[in-house]
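Student: To start, I am sharing the structure in question, which I have written as structure tokens.
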């Protein structure tokens, strides 16, 4: 099977390696000056949807819209978004952006603990593809599942997309907890568990399954994020602890917090991260979290 990949960056190349490992043929649509190394690719991006039934979108969240506009997928294409977060300019879910910009109607999302560096170095990993459409899940499984990459399936598109968006926010908070003087493993554990709990509340309000956050797309990805030294969100949290604000996942945090407010769902950890980026000292934000009214864990 020939699989189209929109985006020739490291993530697109990593996905191409997984496609090869599954016994399939990747075709990367790229716009950079140089083609991806040793992988079949083309700058004639509009030809990729004509040659491939399945398209994997491997661009950043801010580039998804332009990638779809340039490639012009048709109704017969099945599209799986492999990027994270929401569109920065609009706060839209990335699968909604895809549906707005082309005639394809069947979409899905890919998430889970699959660090790019490990994939490119031949490491073993896993993920989950979510879609309400059985054929999308089957095509993605056929394209990616192998002895190197174990792919699970889920119908919970809302939950998996939310997990992919909120994990960078929580990874940043865990990085902050790891680098903050006076914080220890207790705070680290609190951020992980309560962060997943607040994400599960939002998932339910969005019509998703809260249990999805306990799986690969949620807890699994978050465990991986705090275990990889060069994970950008975890590194952004460590930098925050030292007073360096390089923006990191701030845009995602703001978009999620806005969506949560619309649904009357509290995201205290996400809100705390936003306040720190706005200039509140990390210790003050932590103290505000600790001073919240006692509540039932369930």
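Student: Which whole-number value in Å³ per residue fits the convex hull of the alpha carbons of the stretch 67-194?
Tutor: Spread over its residues, the Cα hull of the stretch 67-194 gives 139 Å³ apiece.
Student: In addition: Compute the distance in nm between two label points, each set 7 Å from the Cα along the Cα-to-Cβ direction, one at residue 223 and one at residue 124.
Tutor: With each label placed 7 Å out from Cα toward Cβ, I get 1.4 nm.
Student: Using every Cα-Cα pair within the stretch 157-290, state what percent have a distance larger than 20 Å.
Tutor: Cα-Cα pairs in the stretch 157-290 separated by more than 20 Å: 37 percent.
Student: Across the chain, what fraction of all alpha-carbon pairs, as a whole percent, falls in each successive 5 Å bin from zero upward?
Tutor: 1, 6, 13, 17, 18, 16, 12, 8, 5, 3, 1, 0
Student: Binning at 5 angstrom from zero up to the longest distance, how are the C-alpha pair distances of the stretch 2-154 distributed in percent?
Tutor: Histogram of Cα-Cα distances, whole percents per bin: 2, 11, 21, 25, 23, 14, 4, 0.
Student: Another one. Could you pull out which residues in the stretch 218-237 have an amide N less than 18 Å from a spot 7 Å beyond the Cα of residue 263, following the Cα-Cβ vector?
Tutor: 218-219
Student: With the Cα gyration tensor of the stretch 1-43 in hand, convert its eigenvalues to equivalent ellipsoid semi-axes via √(5λ) and list them largest first in whole Å.
Tutor: 16, 10, 8
Student: Tell me the angle of helix 157-179 to the major Cα principal axis of the chain, expressed in degrees between 0 and 90 and rounded to the nearest ten.
Tutor: 50 degrees
Student: What ranking, highest mean first, results for peptides 239-249, 11-21 when packing means the other Cβ atoms within 10 Å averaged over each residue?
Tutor: On the way: 239-249: 15.5, 11-21: 22.4.
The densest-packed peptide leads the list: 11-21, 239-249.
Student: To the nearest 10 degrees, how steep is helix 268-277 against the longest Cα principal axis of the chain, on a 0 to 90 scale?
Tutor: 90 degrees
Student: Could you work out the helix-only [θ] at 222 nm for the chain, with each DSSP H run of four or more residues adding -39,500 (n - 2.57) and the total divided by the number of residues, to the nearest 500 deg cm²/dmol?
Tutor: One gets -14000 deg cm²/dmol as the mean residue ellipticity at 222 nm.
Student: Additional query: Give the angle, between 0 and 90 degrees and rounded to the nearest 10, that separates the Cα long axis of helix 185-205 from the longest principal axis of the Cα atoms of the chain.
Tutor: Once rounded, one gets 60 degrees.
Student: Rank by packing, highest mean first: peptides 200-206, 279-285, with packing defined as the count of other Cβ atoms within 10 Å averaged across residues.
Tutor: 200-206, 279-285
Student: Out of all DSSP beta bridges in the chain, what portion is antiparallel? Express it as a percent rounded to 5.
Tutor: 15 percent
Student: Quick one, what does Rg over Rh come out to for the stretch 1-91 if you take C-alpha atoms and the Kirkwood Rh?
Tutor: 0.94
Student: Right, next: How long is the gain from residue 283 to residue 60 if the chain were fully straight, where each residue apart is worth 0.36 nm and the alpha carbon distance is subtracted?
Tutor: Difference between extended and current length: 77.1 nm.
Every read-out reported here was derived from the displayed coordinates using simple, explicitly stated rules and does not represent laboratory data. A quick note: this is a predicted structure, and the numbers were derived from the prediction, not measured. A quick note on method: Cβ atoms are made from the backbone with ideal geometry, for glycine too, and the neighbour counts reach across all protein chains shown.
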